[in-house]
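First the structure, in the form of structure tokens, and then the observations on it.
The values are calculated or read from the model by the stated rules, or taken from the named source; none is laboratory data. Computed from a predicted structure; not experimentally measured. Cβ placement follows ideal geometry from the backbone for every residue including glycine, while neighbour counts extend to all protein chains displayed. Calculation scope for accessible area: heavy atoms of the full protein, side chains included, ligands and nucleic acids excluded. Shrake-Rupley method; radii C 1.70, N 1.55, O 1.52, S 1.80 Å.
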Amino acid sequence: MLYRYTGFVRSSLTEYLGVTERTVKSWEQSNNAPVATVKLLEILNNDLSHLGRDWAGFRFINGELVTPEN
């Protein structure tokens, strides 16, 4: 699941999202996490492509949004 690429382990993800470990296991087994969760993990993984072309080149560094010009 995508959370592994963002530095989370299952237990830290459950705490971060406020869900149970059973919920995350269910997402993994069904490969069907909520869209909002997937988009959040994409953002945390510096993948902003789902936001559209206008966001090309934007990324997060140390929790701050950096523009393509920087």
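Given +1 at the Cβ of Lys and Arg, -1 at the Cβ of Asp and Glu and no other charges, the dipole of the chain around its Cα centre is 260 debye to the nearest 20. Accessible area per residue for the chain is 74 Å², calculated with a 1.4 Å probe on protein heavy atoms, without ligands, DNA or RNA. When the solvent-accessible area of the chain is split by element, carbon and sulfur atoms take up 49 percent of it, the probe being 1.4 Å. Among the GluC sites (Glu not before Pro) in the chain, those located in a DSSP loop and surrounded by at most 12 other Cβ atoms within 10 Å of their own Cβ are E69. Here the simple spin-label model places points 7 Å from the Cα toward Cβ, and for F58 and T20 these points are separated by 3.6 nm.
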